[in-house]
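Worksheet: one structure, shown below.
The values are calculated or read from the model by the stated rules, or taken from the named source; none is laboratory data. Keep in mind the model is a prediction, meaning the values are calculated, not measured. In this analysis, Cβ positions are derived from the backbone assuming ideal geometry, glycine residues included, and neighbour counts consider all displayed protein chains.
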């Protein structure tokens, strides 16, 4: 990691980056970094000319020309017939190509498996959702189903003539740096070597197979494709059976020492609150997780020894009752919103994000949660105006799988050309 | 910020760094980055030879020689007479020089002002503590006293023939990116332009004047000079009148969108807890801040309309009573420890640091707080074994001022030579 330029004598706040250990750099690294700059410029500003890129990035024209030639050879960028309406010689315009490539994102939820494929520009090539009761199945069976879905998705994009650049799997639980899952409460998993199993099932593919939390990947999808795309500091509050946080800080995913950051499902909001499955009381999940919300709003729902694994009918019923103005449901949603706001206030005080984005069932219920949640956030956060932290609902579907596919583009986007098979 | 190398096909977790926008790089940047690498190597491994540096950093010998010559010219590095006991030609050994330089750190607390100067190697050149009731004084008076202390410290190191490379002031409150303080509850401050005022009082010095929170600077001092030096993910829990967190994540200070990250003094641990000065209940400060601890353990202490500003005598009395085994005080300390552990569990779940370090009065009381705090952390955090998060007391004194001086070295350590006056 290269050290950032520290502030000049006029700046109030020092950029302390040296502690992010400096790494030796050589000319190859310069070329890689500049290739990433050009690729990013084309992604964000296409169609654009070589001269535009040079003018806007500060790279010199010869460097841009040479890098663009390489990118065209690799089919990451292509020329269009268009020319800009300008004074002087018409310029050849560039856009992202990426026709021969695809990136895959997979997502394991308690009740479904999802596959998403995107091209280099982030356009979806396929979005498949397959009902699968992962919470009730043994991990080996889930992994088998995931591998089958993955092979079908690879087959589909390969049939389009695309090479897979990488894939990333999202799991609702802890993920360690080797891609194994030591704990996933929502799935009933302990110590499942997801990356190793999937690589074996795919017969050691030539592309990278990553694993990350659904919360991290959803945060990445928000930061790239959501309403608040481009935010440097953003939290995605992931709903479902448990609640988690995906944290983007200073433009990067915050992972923590062992990769377990954002595991806030058992963060205690109220020591006298309702009991949680973990044995404690008042955990965030016990207050705003989907099962807790269903129990609160639909007390007639059976809650026996055979717990629900598919909450979609209940969620649909809650939305219908809220739309009808059912006072009990509206009161319960406002109370849920206050708890969401209390959780968001902790995130705001500790992380000072520009926005906390609600996903999954919290997004579905957002019209009724947000008013109370926003009041609570404003009242409870320490910095004036909640430090500028907004609270809003995600507009993305299958965000974690989309984020997984986005993550799988990271190597190429960092300026390292795809290793073609 | 240069993009990090993403994981190869064998790695389980993807390094997503492209989202940290790539910046154009040129040969000058390469030299700066490599200069930082050499300087860091000498700092950590001196005495060492040019050949050692080349072998250990991967830079080639000619590059190392050229960079070392520059660093010697700038008197950042010097040759010693020592030669290593090795086969072959004896090598000239290098150590940090920095004789002509100093960096300053200042710290504003409710009851004192602190100045620390260090050399390039982090050795303290001076540590001055001056009793000053900043919480009771108007901000202009505090700023005047701070400027006077700063001028004296600059005078002292100048008299030693040293040029000041920079200074950073630590403030117990919110700090915005311009170096102004919108809010500092512990001082009763609102909207104080600390950096601008101090620069004016020092007649626009040629060096950088930075401002940061005491929590951030203390975290930096821990990461560089404390027991857990070198941790990539570390939280410093700063005590005193209010409680704050300085967060190092992935080797860098976590600041948030507006620079307000770590402001957890009013993080709610218990909605039915004791009242806080902010009007709410059960805030972290109302449970484990110094005034709260004194109130809990020494209920006979006057708590009238003229509140204490100097809690040192009370803290000393608490330590004495604890040493005598006073059961009420021990019980109160254990309860305080449990609350600290609950706060640490939130930090562990959300940030997954390698260690949470307690500072200030929490460090003084640590022998009695830590057992209960560690049990609570282990019991309340979600990841197995608290995700590897340790909880310990700081061994540093005047950590924030030391961190301020450390921060002021950042530009030079990033490989940018000092601008000599």
Residue match in the range A:298-315 (condition: within 14 Å of chain B (Cβ to nearest Cβ), in a helix (DSSP H, G or I) and within 27 Å of residue A:247 (Cα to Cα)): no
Complete set of residues in the range B:235-252 that are more than 18 Å from residue A:345 (Cβ to Cβ) and not in a loop (DSSP other than H, G, I, E, B): B:235, B:236, B:237, B:238, B:246, B:248, B:249, B:252
Pairs, first facing chain B (nearest Cβ under 8 Å) in the range A:337-363, second assigned to a helix (DSSP H, G or I), C-beta under 6 Å, six or more apart: A:342/A:376; A:345/A:377; A:345/A:380; A:352/A:387
Residue ID - nearest to residue A:390 (Cα to Cα), chosen from residues in the range A:241-258 that are over 14 Å from the mean Cα position of the chain (by Cα) and buried (at least 24 other Cβ atoms within 10 Å of the Cβ): A:243
Qualifying residue in the range B:201-210 (condition: assigned by TED's automatic domain parsing to the domain that holds residue B:361 and surrounded by fewer than 24 Cβ atoms within 10 Å (Cβ to Cβ)): no
Filtered residue count, the range B:125-157, keeping only those that are part of a strand (DSSP E or B), in contact (Cβ under 8 Å) with a residue 40 or more places away in the chain and more than 17 Å from residue B:172 (Cα to Cα): 1
Looking only at the range A:223-235, and only at residues there that are within 18 Å of residue A:261 (Cα to Cα) and surrounded by 24 or more Cβ atoms within 10 Å (Cβ to Cβ), the one that is farthest from the chain's Cα centre (by Cα): A:233
Within the range A:186-211, considering residues that are without any contact (Cβ under 8 Å) to a residue 24 or more places away in the chain and in a loop (DSSP other than H, G, I, E, B), the one farthest from the other protein chains (Cβ to nearest Cβ): A:203
Residue check, residue B:121 more than 19 Å from residue B:169 (Cβ to Cβ), modelled with pLDDT under 90 and in the same structural domain as residue B:405 (by TED's automatic domain parsing): yes
Residue among B:405, B:414, B:400, B:419 that alone is under 19 Å from the mean Cα position of the chain (by Cα) and modelled with pLDDT under 95: B:414
Residues (in a helix (DSSP H, G or I), within 11 Å of chain A (Cβ to nearest Cβ) and more than 19 Å from residue B:361 (Cα to Cα)) located in the range B:212-234: B:223, B:224
Positions within the range A:235-252 being in contact with a helix residue (DSSP H, G or I) (Cβ under 9 Å, 6 or more places away or on another chain), within 7 Å of chain B (Cβ to nearest Cβ) and at pLDDT below 95, in sequence order: A:251
Output for the range B:253-285, where each listed residue is part of a strand (DSSP E or B) and more than 7 Å from every other protein chain (Cβ to nearest Cβ): B:275, B:281, B:283
Test for residue B:320: is it assigned to a helix (DSSP H, G or I), surrounded by fewer than 20 Cβ atoms within 10 Å (Cβ to Cβ) and either modelled with pLDDT of 95 or more or in contact with a helix residue (DSSP H, G or I) (Cβ under 8 Å, 6 or more places away or on another chain) (or both): yes
Evaluation of residue A:79 against (1) without any contact (Cβ under 8 Å) to a residue 40 or more places away in the chain; (2) in a strand (DSSP E or B); (3) crowded, with 16+ Cβ neighbours inside 10 Å (one fails), failing number: (3)
Filter result for residue B:183 (more than 30 Å from residue B:355 (Cβ to Cβ) and either surrounded by fewer than 22 Cβ atoms within 10 Å (Cβ to Cβ) or within 11 Å of chain A (Cβ to nearest Cβ) (or both)): no
Filter pass, residue A:332 being in contact with a helix residue (DSSP H, G or I) (Cβ under 6 Å, 6 or more places away or on another chain), more than 14 Å from every other protein chain (Cβ to nearest Cβ) and within 28 Å of residue B:256 (Cβ to Cβ): no
Members of the range A:364-421 found to be within 9 Å of chain B (Cβ to nearest Cβ) and outside any helix (DSSP H, G or I), listed by number: A:381, A:382, A:383, A:389, A:408, A:409, A:414, A:415, A:416, A:419
Test: residue B:58 is facing chain A (nearest Cβ under 10 Å) and either surrounded by fewer than 18 Cβ atoms within 10 Å (Cβ to Cβ) or without any contact (Cβ under 8 Å) to a residue 12 or more places away in the chain (or both): yes
The one condition in (1) farther than 19 Å from residue B:219 by Cβ; (2) touching a strand residue (DSSP E or B) at 6+ places or on another chain (Cβ under 8 Å) that residue B:338 fails to fulfil: (2)
